[in-house]
1. Scan 96, 106 and give me the residue that is of a type in the set (D, E, K, R) and more than 9 Å from the ligand (Cβ to nearest atom).
2. Please enumerate the residues belonging to segment 41-75 that are open to solvent by 70 Å² or more (accessible area, probe 1.4 Å), away from the ligand (no atom under 11 Å from the Cβ) and more than 26 Å from residue 316 (Cα to Cα).
3. Which residue out of 28, 11, 78, 38 is away from the ligand (no atom under 15 Å from the Cβ), buried (at least 18 other Cβ atoms within 10 Å of the Cβ) and not basic (Lys, Arg)?
4. Among the numbered criteria (1) in a loop (DSSP other than H, G, I, E, B); (2) out of contact with any Lys or Arg (no Cβ under 8 Å at 6 or more places or on another chain); (3) closer than 20 Å to residue 161 by Cβ; (4) open to solvent by less than 50 Å² (accessible area, probe 1.4 Å), which single criterion is violated by residue 279?
5. Given the residues 109, 135, 120, which is the only one that is open to solvent by 10 Å² or more (accessible area, probe 1.4 Å), assigned by TED's automatic domain parsing to the domain that holds residue 229, part of a helix (DSSP H, G or I) and within 26 Å of residue 223 (Cα to Cα)?
6. Restricting to strands (runs of 3 or more DSSP E) lying wholly in segment 162-241: which have 2 or more residues that are open to solvent by less than 10 Å² (accessible area, probe 1.4 Å), within 16 Å of the ligand (Cβ to nearest atom) and within 24 Å of residue 17 (Cβ to Cβ)?
7. Suppose the filter is at pLDDT 95 or above, of a type in the set (S, T, N, Q) and buried (at least 19 other Cβ atoms within 10 Å of the Cβ); does residue 259 pass it?
8. From the list 203, 171, which residue is outside the structural domain of residue 277 (by TED's automatic domain parsing) and modelled with pLDDT of 95 or more?
Amino acid sequence: MHHGNVPLRILVTGGAGFIGSHYVRSLLGPGGPAEVRLTVLDRLTYAGNPANLAAVRDDPRFAFVHGDVCDAGLIDRLVAAHDQVVHFAAESHVDRSIAGAAEFSRTNVLGTQTLLDALVRHGGRTLVHVSTDEVYGSIGAGSWAEDEPLRPNSPYAATKAAGDLIALAFHRTHGLDVRVTRCSNNYGTHQHPEKVIPLFVTHLLDGRPVPLYGDGSHVRDWLHVDDHVQGIELVRTGGRPGEVYHIGGGTELTNKELTGLVLEACGAGWDSVEHVPDRKAHDARYSVDCTKIRTELGYRPRRDFASGLAETVAWYRAHRTWWEPLKEGMTCRSTSRS
Ligand code: NAD
């Protein structure tokens with residue numbers, strides 16, 4: 001439980017991954033809260049990378065724990081020692097969940113429940129559960145509100161939906177302060193090259209063709225990771241217990257339009273595109289209505305896509321040593337979705 005003056009202690013699960021590491025660097029950066037202590041708990045799967053936390057490693061307000069969110073004993077001790085939990089840890093790649101869903105169920109469902117059990121035991125704490133717009137399934141036109149029924153299609157989305165439902169059930173059953181965020185497709189620096197933008201950018205930097213799924217008509221709303229971090233912070237500091245908040249970027253693009261912009265940003269042409277068979281059960285379109293977080297908490301996406309993409313491409317161009325080893329470990333060639 002948090003009492004004024006003493007630093008707020010936040011446990012960040014999955015903080016060595018793409019979004020979690022942005023969150024940690026941002027909170028410990030110049031615009032972050034004054035009195036805060038952060039502990040990252042991360043299993044360091046293929047997606048977790050200690051290099052993402054190099055900038056904060058020596059910060060006295062930062063600690064790293066290598067461990068599993070499903071380890072009940074460890075989670076109990078960590079939850080006891082923190083005031084709030086921001087829960088990013090997950091298996092996050094749709095294509096991997098199609099190839100095999102066991103790790104997805106384990107981490108995304110059992111891991112979330114392990115945290116919830118510990119939070120109930122220790123009481124008085126807040127959980128921000130980071131989820132995805134994919135839990136709703138697919139929408140042809142218009143946008144989802146937060147009370148839309150969940151109709152997930154991929155095993156990834158189904159395990160995230162299960163995590164959301166059990167988290168909200170712990171709010172209703174035990175009165176736990178749980179706040180759920182559901183965001184659209186993130187992009188930015190430090191994203192694993194299995195995801196579509198870094199996959200395409202790093203392929204093009206190597207002069208390789210990029211694989212475009214199906215006819216490229218699938219629509220995604222792109223959210224700069226900085227804006228996602230802004231939204232999560234608004235929910236952590238001002239959100240209401242038991243509520244779901246959407247976080248979108250406001251840039252809807254078909255995968256074909258996205259491909260065109262990435263080609264342009266990398267100085268390549270359409271002859272660099274290879275059409276590959278569509279992903280199984282590929283959702284046509286996701287779209288979240290962000291009225292609630294805008295009106296209740298003042299959220300505004302601040303990053304425009306053109307400059308965000310240019311900055312992202314420049315980062316991958318300058319950080320070959322970060323992504324080359326990750327690409328060597330990749331067996332799965334194509335993707336079109338985070
Ligand atoms: P990521 O795959 O880059 O990072 C996941 C992190 O979790 C890694 O550091 C990994 O080591 C860690 N992890 C995995 N299993 C673990 C376990 N059992 N115990 C402890 N740590 C474990 O993912 P990301 O893109 O940063 O996504 C973070 C969160 O945001 C996820 O919950 C994801 O579902 C959600 N999300 C992501 C997007 C997106 O576009 N990337 C969109 C919507 C929602």
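1. One residue alone meets the criteria, 96.
2. Correct list: 60 only.
3. Among 28, 11, 78, 38, only 28 is away from the ligand (no atom under 15 Å from the Cβ), buried (at least 18 other Cβ atoms within 10 Å of the Cβ) and not basic (Lys, Arg).
4. If we test residue 279 against (1) in a loop (DSSP other than H, G, I, E, B); (2) out of contact with any Lys or Arg (no Cβ under 8 Å at 6 or more places or on another chain); (3) closer than 20 Å to residue 161 by Cβ; (4) open to solvent by less than 50 Å² (accessible area, probe 1.4 Å), just (2) comes out false.
5. Values: 135 fails: open to solvent by 10 Å² or more (accessible area, probe 1.4 Å); 120 fails: within 26 Å of residue 223 (Cα to Cα).
Going through 109, 135, 120 in turn, just one is open to solvent by 10 Å² or more (accessible area, probe 1.4 Å), assigned by TED's automatic domain parsing to the domain that holds residue 229, part of a helix (DSSP H, G or I) and within 26 Å of residue 223 (Cα to Cα): 109.
6. Once the strands (runs of 3 or more DSSP E) in segment 162-241 are filtered for at least 2 residues that are open to solvent by less than 10 Å² (accessible area, probe 1.4 Å), within 16 Å of the ligand (Cβ to nearest atom) and within 24 Å of residue 17 (Cβ to Cβ), what remains is 177-183, 185-187, 219-224.
7. Spelling it out, residue 259 is indeed at pLDDT 95 or above, of a type in the set (S, T, N, Q) and buried (at least 19 other Cβ atoms within 10 Å of the Cβ).
8. Working: 203 fails: outside the structural domain of residue 277 (by TED's automatic domain parsing).
Every option except 171 fails the conditions.
The values are calculated or read from the model by the stated rules, or taken from the named source; none is laboratory data. What you are looking at is a predicted structure, and each value in this text was computed from that prediction instead of being measured. When we count neighbours, we look across all protein chains shown, and the Cβ atoms used for this are built from the backbone with ideal geometry, even at glycine. With ligands, DNA and RNA removed, areas are computed over all heavy atoms of the protein, side chains included. Shrake-Rupley method; radii C 1.70, N 1.55, O 1.52, S 1.80 Å.
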